[in-house]
Amino acid sequence: MDAGVTLIVLPGPPREMQPMFENFVLPRLKEKAGGIFVKRRILRVSGMGESAVDELIAPIYKAFTEVQTSILFNKSEIEIHLTANAKTDKEADATLEELAAKIADKLGTAVFALKGETMEEIIGKMLAENHKTLSVAESCTGGLIGMRITDVPGSSRYFVEGSVAYSNDAKKQTLFVTDEIINKFGAVSAETAEAMAAGMRSRSGSNYAISVTGIAGPDGGTEEKPVGTVFIGFADEAGAKSIKLMLPGDRYLIRWRSSQAALDYLRRQILKAYE
């Protein structure tokens, strides 16, 4: 091994590794780094592709030569990783704050998190700050949206109720979707998604309700409605509306992307209400 090189080996389990790193490794790294401070920030973007994001923000981040920028795509969103080197901790933070603000201004509402927060954390903050409540009606996602929302501590302040209405009978009995709607338009349709959201809001008394119905595959698709066809419904006091998506991926990815799209649709509706 080269002289001056330090090799550190840590255990894998986070509950063992993290305190060891924070208490013993990090102080040694800071000592070796001297007067250099490195800070990191993650921005999260929805509804845009990786290349489109890079095309828009490249002129911005290239002007910050002291910051390393990486643009990554995960299963449902774009992550913009910013790493700043500076002489002081405060200087690094200020640089990241300035760059993050410029990027957010350029991308607009597509940026949903400036400090690495998850979509469900952002939704929870928006609901809590505006004193609003939410209920969800799920079909193809099978409770995934409700799980994500309730993973956030304190979600009982704004989350009222969730229903997994997988069968047509459940949609009719629990969410008040009529036979006429299902027979005429099908369980996977804009009309059913809107009726599910409206029924869930009526049932729970929440301010907002979102719904998801779709074909996650691998079977069940048709020429008219192939696997990946998903409808997301939204209801508030003004009524119900919906969007149609064609999502790529296997069953797992379609379900996860449906949950992300539903939460993002809700986020954008809340933003519109408070513009």
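The values are calculated or read from the model by the stated rules, or taken from the named source; none is laboratory data. In this text, all values refer to a predicted model and were calculated from it rather than measured experimentally. Ideal geometry is used to build each Cβ from the backbone, glycine not excepted, and the neighbour counts take in all protein chains shown.
Points worth noting:
- Qualifying position, being over 24 Å from K172 (Cα atoms), part of a helix (DSSP H, G or I) and in contact with a strand residue (DSSP E or B) (Cβ under 7 Å, 6 or more places away or on another chain), among R201, R267, R257: R267
- The stretch 155-177 - residue that is touching a helix residue (DSSP H, G or I) at 6+ places or on another chain (Cβ under 7 Å) and more than 23 Å from I254 (Cβ to Cβ) and, of those, surrounded by the fewest Cβ atoms within 10 Å (Cβ to Cβ): R157
- A216 being buried (at least 24 other Cβ atoms within 10 Å of the Cβ), closer than 17 Å to E138 by Cα and among the aliphatic types (A, V, I, L, M): yes
- Any hit, the stretch 225-246, residues being surrounded by fewer than 20 Cβ atoms within 10 Å (Cβ to Cβ), acidic (D, E) and farther than 17 Å from S135 by Cα: no
- Selection of the stretch 17-52 for residues being assigned to a helix (DSSP H, G or I) and over 30 Å from T88 (Cα atoms) yields E50, S51, A52.
- Check on S211, on the phi < 0 side of the Ramachandran plot, assigned to a strand (DSSP E or B) and either of a type in the set (D, E) or buried (at least 20 other Cβ atoms within 10 Å of the Cβ) (or both): yes
- All positions within the stretch 53-73 that are in a strand (DSSP E or B) and within 20 Å of the chain's Cα centre (by Cα): S70, I71, L72, F73
- Number of positions in the stretch 189-202 that are buried (at least 22 other Cβ atoms within 10 Å of the Cβ) and either at pLDDT below 95 or not hydroxyl-bearing (S, T, Y) (or both): 9
- Among the residues of the stretch 152-172, those identified as closer than 12 Å to M196 by Cβ and part of a helix (DSSP H, G or I) are N168, A170, K171, K172.
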